[in-house]
Structure formats: C-alpha cells, structure tokens
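This report refers to the structure that appears directly beneath it.
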Amino acid sequence: MSMFRWEVVEPAPGEPVGPAQRLPWGRTAGLGIQHVVAMFGATFVFPVVMGLDPNLAILFSGLCTVLFLLICKNRVPSYLGTSAAFVGSVAAIRAMGGDSADVTGAILVAGLVLLAVGVFVHFAGPRLVHAVFPPAVTGAVVMLIGFNLAPVVASEYWPIDQWTGLLTATFLVCAAVLFRGFWGRIAVFLALVFGFVLSYLLDLLFGPITSCGGADCTPEPHLRVAFDGIGEAAWFGLPSGTLDDGVAAVHGPNFSLVFVLLVLPGVIALIAENLGHVKAVAEMTGDDLDPYMGRALGADGAATALASLFGGSPTTTYAENIGVMGATRVYSTAAYYVAAGVAIVLGLCPKFGVLIAAIPGGVLGGITLVLYGMIALVGAKIWVENGVDFGEPRNIVGLAAGLVAGIGGVALDLGGGFELGGIALGTILVVVYFHAVALRDRRTGPGVAHGSDEDRIDEDRIDEDREAKEVP
C-alpha cells in the first residue's frame, strides 16, 4: 500500500490514532497547526541565538520534516525543529573569529557524520552506539554543552536590557510550572510574546535605552523593539538579506577542521535525542520501532546537512511534539505533513522574518537564561532516569575532568595554531576516561574497582562467614 494512503478513522474518546491512520482532513489540519505552534518557539529562537536566519530555519524545518518522514517510511511520527545541541559550539566558533559560513560548514560535516552513524546502526543494530555512549557519557556531554553557554548569556544578551530579561525569565519559569497541558508546552513561545509586548510598552513609556551586548561594543541609545523594514518586506518570497556578521542569509558553507572538531560533540546529543525519541514514540504507539532507529538517525543527519548546505540551522526530533501526541493520542504522520506545509509557507514570508529579527536582545537574554540551564539539566535527567550510580569510580572519576574542561573552556594547544578546547576537549576526555576506568572495572572485578563502602562491607561479611565455617 502507498505510504501516502492513511486509514481514515473516527476514534472514540481516548482511543489512539496510529501513524498509518488519520482523522478527517479538517481535524488533521488543526492538529498539524498545533504541532507548528508547539515547535515554533524553540525552532526560531535558537537560530537567532546562533546568529543564523530564523526564516530559513522555519522553511527548512518543514522541508526536513518531510525528508525525515520519507526516509522513515511514515512509521516514526516526528517534527524536525532547530537543534540546540550546537549552540555552545557555535558560540565558540564565533569567539574564535568564525562567521556564519564557518558555522554552517562545520555543522554540515556533523550532519554527515550523523548520517554515517545512522547507516551503520541500520545495518549493525543500535547495540554498539549504546555501548560507546552509555547514559553516563551521554548525560555528561549534554550537560557540558548546556553549561558551556552560560558566558554567552552573561556577556551577549543580559547587558542589553537586564530588567526585561529578568521579567521574561520569571514569566517563562512561571508559565512552564503553572500553565497546564498544551499552554505549558509552549511556555517558551508565550514568554517570547510576553517579552516582546513588555519591551514595546517600555519603549512607549520610557523611550530608548542605552546599552549593548558583547565585549567590544559601545553603548548607544536605541529602542528595545525596532520594526524597521517590516513595511517594505514582501508577503511572499525566498529568505534574503544579510546576517549580523555580513554573510548572506542564504549562503554556502566554509570548512575548517578546528571548527568541525568543535561541533562534533553535538552529534552525541543528537544520537541521544533521536534514540530517545524513537523509544518514546514506540512506547506510545505500541509499535516495534527498533528497525527504524538507524533510519531516524540517518534522516536527521541528512536533514541537518541539507539545511546547512544553504545556510540553515541544524535539526533534531522535537520533544515538544511528543508532548502534543501524548496529549491528543493522535500519532498520525499525516498531521506532520500538514505541519511541514505550514512551516514552509511561514518560511517563505519575508515580512514574518523581519518581525522575528525585531526580537529585543533583553527578551533573548531572559529566555536563554532559562533555556541554556534546561539544556544542561537534561544531562542530569539522563543520569537520573537511567540510574547512573556516582558511587562507582567510572561514573565520577571518569566524567569529572571532561566536565570541567568543557564547561570551563580549558584548551589544549597542539601547535601550529591548532587548539582543542571547550566542548570538543571535554567530550573526548569524558569518552576516553570513562571507558578507561570501565575497562579497569571489568578487569579487576567490582570489589576492587568500585572500592565503595558497601563493597568493603560485603567483603567483610564474606570473610566473617568463612571464618565461622572454619571454627569447629
């Protein structure tokens, strides 16, 4: 049967709708729009944070979602939005003098690496990936990616408008905790709207603010919200214009080995996100999706490479949309095609792109203050959910050095102008040290390698039992 023929169903209340089924097109369209709203905030906030074009990101999120569904044969319902896994690496690239073309070139290579991993997993199975990147390692890498971003908030966004940033962050926290259901899942988007309106009102009441972001900037008076160019922008057309660093919004990539090494740790985060997404969807639908894990990884890698080839943002499967499926119990891939179509239309609206570009820096400061911390704490969540025991040396000693190197920006000068540091060095140390200690663990046995108090107590009890048996 064709991939594009879904069984039309009218489910009873609470009854699920499977990936190969759909509701009538009217209701399917409504669900598709809901998926767009769910992914919307993060999908265009992260390109802005990375200095890339948000309109292009929205456009390619739709195109890449279609590509993902096709590669996975419509068996894995998923939306591909902008990935946050590379935000820290992008900040490091720009700090080293790289521009947007260097950023997209490095991410393109990372996408190809993920594609190769997907092909390998498809034919060999996911077992080796889990062996190389167990939860302890994956959690550590995700954590150092998030915490590595803290200086970006402090130096780039927060100084622009600290009070607007604080109020926006407060609203985001309250919305995420207090709002229920669908509204809680789009807390980032609601905080963005709140900050936008707040900034506009502050402009009306108090006028321009004198500030700037970045180490070398000169504070100048400016309005918080600037709608320059929105009237002249067309309603329909391809993304165009130039980015803040002078590179065209749609551009070809540049390639540098140093910058590629900076972004490769993000591939680990994407592997974890994709595998977790497939497992979550399998649990919700009751389908066996293990045969599609390799396809999902490869599809995400191909999508990231495709978007980066034209200057777009990296992609990943979105947990926000899992939330929508969990709330509605509708897993139909037809709804995702509708969502992709809506995103493509928005991406082809230049007027919409100008509106996004008007997001005040203070608002971004408040949102990133929370989001970057949440990225880091996802690593801790991985540890908790998988029962990682930090009483074992391989989990505490094996990860410690890599975390400090990645979070603190420790660098290793290899000579010839080549430097390995930050996230890249941290990830290498995490993987190498963890498996080095784990190898010793396997060779010496748990009692010697773990060296915990419980192990020693168990050994003492064994000795006491042995002595008791020897006494006549």
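Every read-out reported here was derived from the displayed coordinates using simple, explicitly stated rules and does not represent laboratory data. Just so it is clear, the model here is predicted, and its values are computed rather than measured. We place every Cβ from the backbone using ideal geometry, glycine too, and count neighbours over all the protein chains shown.
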### Query
Which far-off residues, 5 or more places away or on another chain, put their amide H under 5 Å from the one on residue 80, with H placed in the peptide plane?
65
### Message
Classify segment 1-119 from the C-alpha gyration tensor, please: rounded if a/c falls under 1.5, else prolate or oblate depending on whether a/b exceeds b/c.
### Response
prolate
### Task
Can you bin segment 328-370 into rounded, prolate or oblate? Criterion: square roots of the alpha carbon gyration tensor eigenvalues sorted a ≥ b ≥ c, rounded for a/c under 1.5, prolate for a/b above b/c, oblate for the rest.
oblate
### Message
Going by amide H atoms built from the backbone, whose H comes under 5 Å of the H on residue 161, apart from near neighbours?
### Response
362
### Task
Please get the size of the charge dipole for segment 1-114, origin at its Cα centre, with Cβ charges of +1 on Lys and Arg and -1 on Asp and Glu, quoted in debye to the nearest 20.
240
#### Entry: Under-5 Å amide H pairs with residue 211, H placed in peptide plane, nonlocal only
220, 222
## Note on the structure
Note, segment 89-98: 3J(HN,Hα) by Karplus (6.51, -1.76, 1.60, θ = phi - 60°), whole Hz, Gly/Pro = x, goes 5, 5, 4, 5, 4, 5, 5, 8, x, x
